[in-house]
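Trainee: Okay, here's the structure, questions in a sec.
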Amino acid sequence: MQLETNDQLEQLKQRVAELESALAGTRQENEKLHVELNEYKGGKTSAGGKAVASAMEATPLSEAEATLRRLVQRIAMILQADKIVTMFHDRERGELIAVPPAFGFEEVNLSRFKVRATQGISGEVFRTGEPIIFEDAINDPRTEGDHFVQFGVQNGLTVPLVIEKRDEEDRVVEKNVIGVLHAFNKRHGEDFIDEDVRLLERMAKNVGSIIANLQLYREVVEEREELLQTFESLSAGLVLISPEGRISQINSTCRAIFGVGPDHITKTYDEVMPQKPLQDLIRNVQDGREAPMIELDVEVQKTDRVYQIQAAKVYGEDNKDLGVVAIFSDITDVKNIERMKSSFVAMASHELRTPLTAIKGFSSTLLEGIDDDIYDKNDQKEFLGIVVHECDRLRRLIDDLLNTSRIEAGESLKPNYSRVHLRDLLKKAHMVQQQATTKHTLKLDMDESTPAEVNADQDKLDQILTNLLNNAIKYAPNGGDITIHARKDGDDVLIGVEDQGLGIPADHVNKVFEKFHRVNNEDNRKIYGTGLGLFLVKHLVEQVHLGKIWCESTLGVGSTFWFRFPAEIDIEQAKEINN
Ligand code: ADP
């Protein structure tokens, strides 16, 4: 008896020694994890500074997980248990759920090992914080809800999984139960004893602490991931520059602006951003000087963009200089609208002034000559003809402006549908426009499919054709052929106005239908217009005639404006839509 006890004592001593060394190892690894976690958290608040990168490289999560796995194996060995499993409390679900690593369990089945926090031995230990030894998993009523039998558990020992917060003098200041730790099936048919409880409780503290750190670590990693993803997917460009002047983060928008890959991190900012005003801005901010935002023209993927750039110094929690952040906002569209608006004002005043000058000139000439009969009837006729023509021009411009604002306000242009002689309308438009030009040859391309009649708003259809033909003449300043195509295509009439003029650059082809949009190149600038014509034409085709309009164009070769609409528009439906 004495001998047996001595033996047991020896064995116990040996186990305690093993345990002490296991504990020491674990504590060390755990401390390392702590330090790295703190470093990592510091890095995170430093908005992506160096600490982030280094922590990421030095402490892959897998290393901490491996530590935990070794610890679980040691526990199994020391306690002589067949199975070890950790359960974590999921507050949202109110459940205790097994988490890896476990010993003696297939990890794929682990997630099925769960119990409500109010049930079973697991629940009781979790709630009370007191360990429980059980000898008969099948018949012990306390195991109800634990599903122990399903996992081949016969007997076991369950202790709370505790995290302790300590102050500088290593005194426990806070204790939290975060789950439970089970050891199941004592080897050699034995039962767990009080000594095992003491051992497992000590090990549980380490497991708890590692798990808690891991959890925190994962959260920080996830948070960082989220931050990086947000950063990456921002439509604005963002660059972080370290105090040493190196790029520490650059998001995809910014990489596109500067045509660089992610490998440009760690290069200096002036290597990546060659623009002098931008370099000056960053330098000024870096040196704490006043730095107003700047605008920069850059070519991004072959299109001209304008960016507004703001930069600011970044400070850490402890007021540490963390470098400079620069934000790039794409203001190309705003700039275009601004430019278009001012060119519209210039155009509109020109368009207003020209006819007014003519009207005033010719009418005052007539007035001056009235008493002395200076001008004969023919002169008078000619002068008055010009006055009437210019008045019409003015009226058209004013109508365009009024119609544009009506469309803008969502009001209808009051269509008036009827049976329209399409062929006659096309012939008339062809004739009238041919009379207006000597430089161009107008051709009418109709075939037997071209319907004689369609349902349409005659005036508005005429307006569409007149507008497209006017443009064809206007934007082919060197003359050439202008062909009006008209044929039936399915249920639609397909009409095209083809010219051999200046053509339209590819990136403007769809935009010319926007209001105020004018192609802004040297050839076009010489030709006056308001940029409203095609905006109105599009509305007349699509809204009034329930059709479609588009343009095919090759720069320097010519353009064809096509539109189609149902030959037999359902007038009632069209009226409804335009009400
Ligand atoms: P405007 O002629 O008054 O400028 P539009 O809305 O009719 O306004 O046309 C918009 C722009 O589309 C024009 O400024 C011109 O740049 C381009 N455009 C229109 N028609 C043609 C054409 N047939 N050929 C070349 N460019 C054209």
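The values are calculated or read from the model by the stated rules, or taken from the named source; none is laboratory data. Fair warning: this is a prediction, and the values are worked out from it, not measured in the lab. For neighbour counting, all protein chains shown are included, and Cβ atoms are generated from backbone atoms with ideal geometry for every residue, glycine included. For the accessible areas, the whole protein counts, side chains as well, though only heavy atoms, and no ligand, DNA or RNA atoms are used. Shrake-Rupley method; radii C 1.70, N 1.55, O 1.52, S 1.80 Å.
Trainee: Pull up region 339-366, narrow it to residues that are β-branched (Val, Ile, Thr) and open to solvent by less than 70 Å² (accessible area, probe 1.4 Å), then point me to the one that is nearest to residue 520 (Cα to Cα).
Mentor: In the first step, residues of region 339-366 are kept if they are β-branched (Val, Ile, Thr); the result is 345, 354, 357, 359, 365.
With the extra rule that they be open to solvent by less than 70 Å² (accessible area, probe 1.4 Å), the set shrinks to 354, 359, 365.
On the way: 354: 22, 359: 30, 365: 38 Å.
Of everything passing the filter in region 339-366, 354 is nearest to residue 520 (Cα to Cα).
Trainee: Of the residues 428, 474, which single one is in contact with a helix residue (DSSP H, G or I) (Cβ under 9 Å, 6 or more places away or on another chain), of a type in the set (Lys, Arg) and at negative phi? It would help to see each step written out before you state the result.
Mentor: Details: 474 fails: in contact with a helix residue (DSSP H, G or I) (Cβ under 9 Å, 6 or more places away or on another chain).
None of the others qualify; the one that does is 428.
Trainee: So which residues in region 332-358 are under 30 Å from residue 300 (Cβ atoms) and aliphatic (A, V, I, L, M)? Please lay out each step first, then the result.
Mentor: At the first step, the residues of region 332-358 found to be under 30 Å from residue 300 (Cβ atoms) are 332-347.
Of everything in region 332-358, those that are under 30 Å from residue 300 (Cβ atoms) and aliphatic (A, V, I, L, M) turn out to be 334, 337, 340, 345, 346, 347.
Trainee: Then there's this: For residues that are near the ligand (Cβ under 8 Å from one of its atoms) and not polar (S, T, N, Q), scanning just region 520-535, find the one that is modelled with the lowest pLDDT.
Mentor: Checking each candidate, the answer is 528.
Trainee: Let me ask something else about it. Scan region 191-203 for residues that are aliphatic (A, V, I, L, M), open to solvent by less than 60 Å² (accessible area, probe 1.4 Å) and over 50 Å from the mean Cα position of the chain (by Cα) and jot them down.
Mentor: Applying the first criterion (aliphatic (A, V, I, L, M)) to region 191-203 yields 193, 197, 199-200, 203.
Subset that is open to solvent by less than 60 Å² (accessible area, probe 1.4 Å): 197, 199-200, 203.
Of everything in region 191-203, those that are aliphatic (A, V, I, L, M), open to solvent by less than 60 Å² (accessible area, probe 1.4 Å) and over 50 Å from the mean Cα position of the chain (by Cα) turn out to be 197, 199, 200.
Trainee: Residues of region 312-335 being under 22 Å from the mean Cα position of the chain (by Cα) and either closer than 20 Å to residue 240 by Cα or of a type outside the set (Asp, Glu) (or both), which ones? Show your work before the answer.
Mentor: Step one: of region 312-335, the residues under 22 Å from the mean Cα position of the chain (by Cα) are 325-335.
Of everything in region 312-335, those that are under 22 Å from the mean Cα position of the chain (by Cα) and either closer than 20 Å to residue 240 by Cα or of a type outside the set (Asp, Glu) (or both) turn out to be 325, 326, 327, 328, 329, 330, 331, 332, 334, 335.
Trainee: May I pose another question? Restricting the search to region 541-579, which residues are among the aliphatic types (A, V, I, L, M), within 12 Å of the ligand (Cβ to nearest atom) and crowded, with 20+ Cβ neighbours inside 10 Å?
Mentor: Narrowing region 541-579 to residues among the aliphatic types (A, V, I, L, M): 541, 544, 546, 549, 555, 557, 567, 569, 571, 574, 577.
Within this subset, residues satisfying the condition of being within 12 Å of the ligand (Cβ to nearest atom) are 549, 555, 557.
Selection gives 549 alone.
Trainee: Of the conditions (1) surrounded by 14 or more Cβ atoms within 10 Å (Cβ to Cβ); (2) within 30 Å of residue 533 (Cβ to Cβ), residue 297 satisfies every one except a single condition; which number is it?
Mentor: (1)
Trainee: Out of 517, 485, which single residue is within 9 Å of the ligand (Cβ to nearest atom), of a type outside the set (A, V, I, L, M, F, W, C) and not assigned by TED's automatic domain parsing to the domain that holds residue 349?
Mentor: Working: 485 fails: within 9 Å of the ligand (Cβ to nearest atom).
Criteria check complete, one pass: 517.
Trainee: Under the condition of being surrounded by fewer than 22 Cβ atoms within 10 Å (Cβ to Cβ) and of a type outside the set (Gly, Ala, Ser), which residue from region 499-509 is nearest to residue 430 (Cα to Cα)?
Mentor: Per the criteria, the residue is 500.
Trainee: Within region 468-479, take every residue that is within 11 Å of the ligand (Cβ to nearest atom) and not hydrophobic (A, V, I, L, M, F, W, C) and give me the one that is surrounded by the fewest Cβ atoms within 10 Å (Cβ to Cβ). If you could, list the steps in order and put the result at the bottom.
Mentor: Step one: of region 468-479, the residues within 11 Å of the ligand (Cβ to nearest atom) are 468-477.
Next cut, not hydrophobic (A, V, I, L, M, F, W, C) only: 470-471, 474-475, 477.
Working: 470: 17, 471: 21, 474: 17, 475: 20, 477: 13.
Step by step, filter region 468-479, then rank; the result is 477.
Trainee: Of the conditions (1) surrounded by 14 or more Cβ atoms within 10 Å (Cβ to Cβ); (2) in contact with a helix residue (DSSP H, G or I) (Cβ under 8 Å, 6 or more places away or on another chain); (3) without any contact (Cβ under 8 Å) to a residue 24 or more places away in the chain, residue 265 satisfies every one except a single condition; which number is it?
Mentor: (2)
Trainee: Is it the case, given these coordinates, that residue 396 is within 23 Å of residue 536 (Cβ to Cβ) and under 50 Å from the mean Cα position of the chain (by Cα)? Explain how you work it out, then say what you get.
Mentor: On the way: within 23 Å of residue 536 (Cβ to Cβ): yes; under 50 Å from the mean Cα position of the chain (by Cα): yes.
Yes.
Trainee: For residues in region 145-158 being assigned to a loop (DSSP other than H, G, I, E, B) and open to solvent by 40 Å² or more (accessible area, probe 1.4 Å), which is nearest to residue 72 (Cα to Cα)? Break it down stepwise before answering.
Mentor: Restricting attention to region 145-158, the residues satisfying the condition of being assigned to a loop (DSSP other than H, G, I, E, B) are 145-148, 152-155.
Next, from what is left, pick out any that are open to solvent by 40 Å² or more (accessible area, probe 1.4 Å): 147, 154.
Working: 147: 21, 154: 19 Å.
Only one residue fits best here, namely 154.
Trainee: Residues 425, 444, 465: which one is surrounded by 15 or more Cβ atoms within 10 Å (Cβ to Cβ), at pLDDT 95 or above and in contact with a strand residue (DSSP E or B) (Cβ under 6 Å, 6 or more places away or on another chain)? Full working, then the answer.
Mentor: Numbers: 425 fails: in contact with a strand residue (DSSP E or B) (Cβ under 6 Å, 6 or more places away or on another chain); 465 fails: in contact with a strand residue (DSSP E or B) (Cβ under 6 Å, 6 or more places away or on another chain).
None of the others qualify; the one that does is 444.
Trainee: Taking the conditions exactly as written (assigned by TED's automatic domain parsing to the domain that holds residue 568, away from the ligand (no atom under 12 Å from the Cβ), aliphatic (A, V, I, L, M) and crowded, with 19+ Cβ neighbours inside 10 Å), does residue 512 satisfy them or not?
Mentor: Details: assigned by TED's automatic domain parsing to the domain that holds residue 568: yes; away from the ligand (no atom under 12 Å from the Cβ): no; aliphatic (A, V, I, L, M): yes; crowded, with 19+ Cβ neighbours inside 10 Å: yes.
Against the criterion (assigned by TED's automatic domain parsing to the domain that holds residue 568, away from the ligand (no atom under 12 Å from the Cβ), aliphatic (A, V, I, L, M) and crowded, with 19+ Cβ neighbours inside 10 Å), residue 512 does not qualify.
Trainee: Which residues, taken from region 159-190, are modelled with pLDDT of 90 or more, over 23 Å from residue 67 (Cβ atoms) and open to solvent by less than 60 Å² (accessible area, probe 1.4 Å)?
Mentor: 185, 186
Trainee: Having 2 or more residues that are under 18 Å from residue 396 (Cβ atoms) is the bar; report the helices (runs of 4 or more DSSP H) wholly within region 430-541 that clear it.
Mentor: Working: elements: 458-474, 522-525, 533-539.
Hits in region 430-541: 458-474, 533-539.
Trainee: Out of the residues in region 117-144 meeting the condition of being more than 52 Å from the chain's Cα centre (by Cα) and part of a helix (DSSP H, G or I), tell me which one is surrounded by the fewest Cβ atoms within 10 Å (Cβ to Cβ).
Mentor: 141
Trainee: Does residue 234 qualify as being within 22 Å of the chain's Cα centre (by Cα), within 28 Å of residue 287 (Cβ to Cβ) and open to solvent by 40 Å² or more (accessible area, probe 1.4 Å)?
Mentor: Spelling it out, residue 234 is indeed within 22 Å of the chain's Cα centre (by Cα), within 28 Å of residue 287 (Cβ to Cβ) and open to solvent by 40 Å² or more (accessible area, probe 1.4 Å).
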